[in-house]
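Worksheet: one structure, shown below.
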Amino acid sequence: MKRIAAVLVFAVVSLICLAAYASEPIVELVASAESAVSDAGRVVAWRNVGSLGGEARAVCGELRLSPDERSFEFSDARLELRLPDSARELRNWTAIAVARVDRPLSIGLLSSRDGAVPLAQFDYDENGALRFIARDRAGRTLRAALSVRQGEPFVASVVGRTDASGLTRVQLTVGDQSATASERIELPVWGERLQIGGLEFPNARFSWQGQIGELWFFDTALDGAELERRTAEAAARHGIDQARATARPDDSWNVLDRPKFEGEPDRELDADVCVVGAGSAGCAAAIAAGRAGARVALVERQKRLGGTGANAFVSNWEGGPGDAIARELYERMKALGGAGVAKEYPHDEIKAPMGLKIVDEKEPYENSLTRAFPPEGGYRSVAYLPAAFDRAARDMLAETGRVEILDETTFFQAEPNADQTRVESILCETKSGGILRVRARVFIDASGDVWLCRALGIKTRLGVDARSEFGEEGAPEFAALTLNAIARCYLIEPRENPKRQEPVDAPFPQCAYVSGWLDGPRAVNMLTSLPGASLAELGYDECMKRTEAIVRAHWSWLQTQPGFENYELTEIAPMLGIREGYRVDTRYVLRESDLAQGWENQPHKDMIAVADDPCDIHGEGGVLTGVKTAYGVPFRCLIPNGSYGNLLVACRGAGFSKIAASSCRLQRTMIQLGTAAGLAAAWAAKENGEIDKIDVDALVKRIDARANYPIPVKK
């Protein structure tokens, strides 16, 4: 009876297991002494290969069993096995891995590729993101990525499904974090071979730098229940804390992570208008509001005023229109010896792709005011020194007699009224660590990252908009978290005996945009230091840490180029150059059709800024497309949707689609937005802070944005 009972129990357990796991992997690699075939301590094969049969052979490098015999340690190693033709045409598939990564650019946790296309690859990129990427023969690319901490073991899964229309969707999951992506790609994306732990190219060999304990590959998309069971059991077998593997490090930049403050502030300040952020738009807003008679509090977390230009050292106004405040800033900076109109400097000796804009004292400011119709010899820009902008802005603010500058003061909490119709006050931390409450009748979010709007729970957008969102022909069918690249800039100056930068082992682009003086200071922008998504995946502090090494590697190279041998690195920007972040949902969102129609054909009656820059998207999926004529930005792009009646937004996070934002995010355009917001806020402060009570027609007439464009606008 006991024997029969035991058989029945075994049968029941088997049925339960069969019910739990309806799918069997076609590849199953499990690290253990029994699964390894070694030759004098060097692993040359991995026996467990599921239904493919045979062995996965180590064709290069070393594979060693870890001391606990639970994983293999890869060192410049690659396992390889053949993938059947039937598997290459997979429409649905799943990969699950138990692994640990020890350094960035760990290529080939699971890879299959025939050259550059097609390819399917599960890896860990140079930006610290666990990634699945697929590319078909036409170059269409599908990418999903998640942040996973180095040195922490994890269990990851990626599930792919392709429907009859050719739309492929993937979901990458680690613990309770998921990333999804979709694209219409043509099969196959899987190559003839599966490679585990590395890739080999004609001139380079890449390897997974870390450990792999288990790996499964299925020819079906596992359902949620089975996938969850398998990954949970794998985590339990290896004692993996998934939360620890995916935990983001503390990020000092993200003010929204701070616990809610409920005590009494150390100081309170009353104002008519409070501007959060003293970048290009914030400074202009405070100047305009102060000149219009409002008492203004200007909150800025950095030491210098000027935002990206003065703190990220993107100290260059690209060609394009600016308003009266921009001109006054320029004239004051020039009087300080810290600004000038720059044009392309011919430098045939430089082999790398490089823009070199050098100040020409004979060039008038007017030559810098268009991009779509540049003067002879190409468009002009304005180069300036960060310290000069800070000085000029402070002088202009002080002269109003109405602006209190609260620099090195960080906004972190919004305080709306009970029915959430007004922002009553905000809380800030001062440079001494004290807590400051600022009360105001009107608030302007000019923070770039729109911290105030996000703290209030106002709807925002991030990344690529789906075509259906704004009817943009240039937008993809589906939304995606693809962001403009991040840049870390630096300043250089000539020296008689310049310090030489030692080579640094960090990836960097061999290109640059340099602006400044022929024999004087220059700002260097390498254009792309990190992909834009790195900010979301790694956090601001980690991006700062990594980009410092990238800057030094870049300067080590640039210092060897003609014209830079006698220069020395003097300062690395204290802030990242962020081209794109969250964008606020506003009453009107500027879109691709506005750029195409141009000023004369746009149907808006409330345009308060003019621009003519091309759409400029750096990094993955980038385009650079010119506009045919100048276009306008409506005032409604500065009014957030929702219930708050005393709030405006004026910065790169205002009401733009991704495509439109890539054109109008330039500093002089932001100054125009700030001027309009500051004047509107001062007027609204006299109407109990209600934005909707101001005379918009009068605002448009007073701003007269069209007058800022120096040539006729084409119809």
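I'd like the per residue volume of the convex hull spanned by the Cα atoms of region 84-238, given in cubic angstrom.
Each residue corresponds to 104 Å³ of Cα convex hull volume.
Can you compute the helix-only [θ] at 222 nm over the chain? Use -39500 (n - 2.57) per DSSP H run of at least 4 residues, normalise by all residues, nearest 500 deg cm²/dmol.
Rounded to the nearest 500, it is -6500 deg cm²/dmol.
Out of every Cα pair in region 22-88, what percent are spaced more than 14 Å from each other? Don't skip to the end; give the middle numbers.
Numbers: 1274 of 2211 pairs.
More than 14 Å apart: 58 percent of the Cα pairs in region 22-88.
So which trypsin sites (Lys or Arg not before Pro) in region 279-358 end up in coil per DSSP with only 12 or fewer other C-beta atoms within 10 Å? Kindly include the intermediate steps, with their values, before the conclusion.
On the way: sites: 291, 295, 301, 303, 304, 327, 332, 334, 343, 351, 357; in loops: 295, 301, 303, 304, 351.
Here the sparse-neighbourhood loop sites are 303, 351.
For region 438-529, just list the percent of Cα-Cα distances falling in each 10 Å bin from zero outward, please.
Calculated P(r), rounded to whole percents: 11, 24, 25, 23, 14, 3.
Taking every pair of distinct Cα atoms and averaging 1/r, then inverting, what Kirkwood hydrodynamic radius in Å comes out for region 408-463?
Roughly 12.1 Å, rounded to one decimal.
Do any of 334/701; 303/343; 357/545; 357/431; 334/693; 357/499 go past 32 Å between their Cα atoms, and which?
357/431; 334/693
Could you list the square roots of 5 times each eigenvalue of the Cα gyration tensor of region 157-277, that is, the equivalent ellipsoid semi-axes, sorted largest first and rounded to whole Å?
With the √(5λ) rule applied to region 157-277, the semi-axes are 43, 21, 19 Å.
With N set to the number of residues, divide the alpha-carbon radius of gyration of region 296-427 by 2.2 N^0.38 Å and report two decimals.
1.34
If you take the alpha carbon radius of gyration of region 228-300 and divide it by 2.2 N^0.38 Å, what ratio comes out, to two decimals? Before the final figure, lay out the partial values.
Details: Rg = 23.0 Å, N = 73, 2.2 N^0.38 = 11.2 Å.
With N residues counted in region 228-300, Rg over 2.2 N^0.38 Å equals 2.05.
If I model region 279-360 as equal point scatterers sitting on the Cα atoms and use the Debye formula, what is log10 I(q)/I(0) at q = 0.22, 0.23 Å⁻¹?
Log-scaled intensity ratios, in q order: -1.19, -1.25.
Ratio to report: Rg/Rh of region 367-466, with Cα atoms as the point set and Rh obtained by the Kirkwood method; give two decimals. Intermediate values should be presented prior to the final figure.
On the way: Rg = 19.1 Å, Rh = 17.4 Å.
Rg/Rh: 1.10.
Counting pairs of alpha carbon atoms under 8 Å apart in space and at least six apart in sequence, what relative contact order in percent does the chain give?
Once divided by the residue count of the chain, the mean separation gives 13 percent.
Kirkwood hydrodynamic radius (Cα pairs, Å) of region 216-346?
Across region 216-346, the inverse of the average 1/r is 20.8 Å.
Could you tell me what percent of the accessible area of the chain is made up of carbon and sulfur, with a 1.4 Å probe and every protein chain present? Provide the component values of the computation, followed by the final result.
Working: 14380 of 29520 Å².
Taking all protein chains in place, the chain shows 49 percent carbon and sulfur surface.
State the antiparallel share, in %, of DSSP beta bridges confined to region 186-303, rounding to the nearest 5.
Antiparallel bridges make up about 50 percent of those DSSP assigns within region 186-303.
What is the ratio of the Cα radius of gyration of region 325-380 to 2.2 N^0.38 Å, where N is its residue count, to two decimals?
1.26
Project the alpha carbons of region 411-567 onto their principal axes and report the range along each, largest first, in whole Å.
64, 49, 29
When the gyration tensor of region 552-601 is built from Cα positions, what are the square roots of 5 times its three eigenvalues, in whole Å, from largest to smallest?
Sorted largest first and rounded, they come to 42, 17, 8 Å.
Which of the GluC sites (Glu not before Pro) across region 261-350 are loop residues per DSSP, with 11 or fewer other Cβ within 10 Å?
Sites meeting the loop and neighbour criteria: 262, 349.
Using alpha-carbon pairs under 8 Å, 6+ residues apart, how would you state the relative contact order of region 280-362 in percent? Write out the running numbers ahead of the final one.
Numbers: 50 pairs, mean separation 14.3, N = 83.
About 17 percent, as a whole number.
Relative contact order for region 636-683: what percent, with Cα pairs under 8 Å and sequence separation of 6 or more?
So the answer I get is 37 percent.
Cross-link candidates for residue 628: which aspartates and glutamates have Cα within less than 13 Å, leaving aside residues fewer than 8 places away along the same chain?
592, 594, 600, 612, 613
Any idea what diffusion coefficient the chain gets from Stokes-Einstein, in µm²/s, Kirkwood Rh on alpha carbon pairs, 25 °C, 0.890 mPa s?
After rounding, the answer is 88 µm²/s.
With everything on Cα atoms, drop me the angle between helix 667-685 and the longest principal axis of the chain, reported from 0 to 90° to the nearest 10.
70
What percent of all Cα-Cα pairs in region 81-175 falls in each 5 Å bin, counting up from 0?
Each 5 Å bin holds this share of Cα pairs: 3, 12, 24, 26, 18, 11, 5, 1, 0.
Per residue, what volume in Å³ does the Cα convex hull of region 540-675 take up?
Hull volume normalised by residue count: 165 Å³.
Leaving out ligands and nucleic acids, note down the accessible area per residue over region 459-522 with a 1.4 angstrom probe, in whole Å².
On the way: 3410 Å² over 64 residues.
Here the residues of region 459-522 average 53 Å² of exposed surface.
Tell me, what is the per residue accessible area of region 584-692 in Å², probe radius 1.4 Å?
29
The values are calculated or read from the model by the stated rules, or taken from the named source; none is laboratory data. Everything numeric here is computed off the predicted structure, so don't read it as measured data. Quick reminder, even Gly has a Cβ in these numbers, built from the backbone with ideal geometry, and neighbours come from all protein chains shown. In case anyone asks, the SASA skips ligands and DNA or RNA and just uses the protein heavy atoms, side chains included. Shrake-Rupley method; radii C 1.70, N 1.55, O 1.52, S 1.80 Å.
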